[in-house]
Amino acid sequence: MSRPTIADLAKAANVGISTVDRVINGRHPVRPKTAELVLEAAERIGFHGLTAIKRRIEADKPVIKFGFLLKQQHRKLYQMWSELLTRAVDAYPEAHGRAIVRFMDDLGPDKAAAAIHALSREADVIGMITSDHPQVNHVIADLAADGIPVVTMISDVSAPERAGFVGNDCAKKGRTAAWFIAHLNARPGEVAVFVGSHRYLAQELCEMGFRSYFREAAPKFRMLETLATLEEPETAYELTKQLLASQERWVGLYVAGGGVTGVMQALREDRSPAAQRLVVVAHELTNETRAGLAEGLLKVVLSHPARQLTKTLVRAMGDAAMNKGEPIGMTQNVLPFDIYTAANI
């Protein structure tokens with residue numbers, strides 16, 4: 001059989017001969033999706049110039065600087081996110097990606113706004129975890145006007161100019177946490193929620209879902225006032241010790257924000273019946289929460305699918321960066337959350 005020709009390849013890819021010529025020889029730019037169609041067709045029909053096509057597509061890929069703004073660098077959770085996001089950028093197929101990761105130790109909105117502005121001077125597109133605040137939203141609007149898209153990760157913001165969001169259905173997550181606490185307790189009692197900050201929309205929605213479940217399905221449980229850990233284990237430790245000492249009927253805790261290692265430390269130190277009966281539900285499977293499940297300090301961990309989330313975020317950021325000037329609207333990527341117990345870690 002004769003070798004497939006350029007005409008054969010054009011027919012297989014459903015494009016014109018001139019388009020195939022541009023892909024092979026790089027005479028003029030070709031849309032990445034069109035080039036991929038030609039490559040797939042070349043592989044399918046055994047086109048002899050396959051290596052040249054692959055080299056040309058690789059050479060023509062744009063360079064995108066992916067900027068990520070995460071929270072405290074000293075927390076292993078955010079070190080994990082940094083590593084996974086960098087890997088996802090390296091594996092991004094549509095462009096030559098460069099990951100730029102920055103951390104915020106001071107979580108104040110003014111510091112967050114300044115950090116976003118600083119990162120925008122280095123990056124083409126920004127993915128971030130931050131609180132919902134007018135100062136933050138104002139910066140997002142400014143960057144959108146300058147052609148730098150912002151995609152939120154895990155916790156959304158209310159700025160209409162953001163390019164997208166990647167995370168969980170947080171109200172459903174909160175209701176799931178409540179379901180476990182209600183069903184793992186033999187008797188109703190008092191339940192509490194720890195959030196990192198009242199400004200994180202994800203945590204606010206988790207709290208709303210948690211409370212709504214008890215109102216509707218388990219009204220014999222009594223909700224305590226929501227407490228903020230400021231994302232610090234030391235604060236969570238002190239709050240846990242105080243509640244163990246003051247609330248005799250405390251049976252459930254939902255850690256919807258940071259500080260779970262402080263909660264675990266308080267429970268390790270207090271082996272009273274009250275501490276041992278406490279059903280604790282937390283977020284994110286890390287080495288620390290895995291140990292907490294194994295020790296019985298935590299009963300359930302509700303976790304983002306880490307690799308899926310980072311891959312989805314990078315793709316959403318890449319799409320936003322390559323569609324500058326072409327309004328595509330705000331994209332939402334709501335991912336299912338994973339459920340872990342001591343039986344399946």
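Descriptive notes on the structure:
- Per-residue extension of 0.36 nm, minus the Cα-Cα distance of K172 and D90, leaves a gain of 26.3 nm for this segment.
- The accessible surface of the chain, taken with every protein chain in place and a 1.4 Å probe, is 51 percent carbon and sulfur.
- The chain: angle of helix 170-184 to the longest principal axis, Cα-based, in degrees nearest 10: 40 degrees
- Cα centroid of the range 1-51 to Cα centroid of the range 119-198, whole Å: 43 Å
- Value in Å of the Kirkwood radius, where the chain supplies the Cα pairs that are averaged: 22.3 Å
- Estimated FRET transfer efficiency (D338, K33; beta-carbon r; R0 51 Å; 0.05): 0.95
- Distance between the 7 Å Cα→Cβ label points at R277 and H138: 5.1 nm.
- Mean separation of Cα contacts under 8 Å, 6 or more apart, over the residue count of the range 1-96: relative contact order %: 24 percent
- On Cα atoms only, tilt of 50-60 relative to the major axis of the chain in degrees: 60 degrees
- Cβ-based net charge around K33, under 13 Å, with every Lys or Arg adding one and every Asp or Glu removing one: -3
- The range 87-218 pair-distance distribution - Cα-Cα, 10 Å bins, rounded %: 11, 35, 27, 17, 9, 1
- Note on R187 and D105: the model spin-label points, each 7 Å out from Cα along the C-beta direction, lie 4.7 nm apart.
- Per-pair calculated FRET efficiency, R0 = 30 Å: K76 and D146 via Cβ, rounded to 0.05: 0.30
- With 27 Å as the limit, the listed pairs K71/K173; K71/K172; K173/K220; K172/K311; K111/K173; K220/K299 have K111/K173 beyond it between alpha carbons.
- Global form of the range 1-71, assessed from the alpha-carbon gyration tensor, a/c cut-off 1.5: prolate
- Rolled with a 1.4 Å probe across the full set of protein chains, the surface gives L77 an accessible area near 30 Å².
- Acute angle (nearest 10 degrees) that the helix 233-246 long axis makes with the longest principal axis of the chain, alpha-carbon atoms: 30 degrees
The values are calculated or read from the model by the stated rules, or taken from the named source; none is laboratory data. All values derive from a computational prediction rather than experimental measurement. Using ideal geometry, Cβ is built from the backbone for each residue, glycine included, and neighbour counts are taken over all protein chains shown. Calculation scope for accessible area: heavy atoms of the full protein, side chains included, ligands and nucleic acids excluded. Shrake-Rupley method; radii C 1.70, N 1.55, O 1.52, S 1.80 Å.
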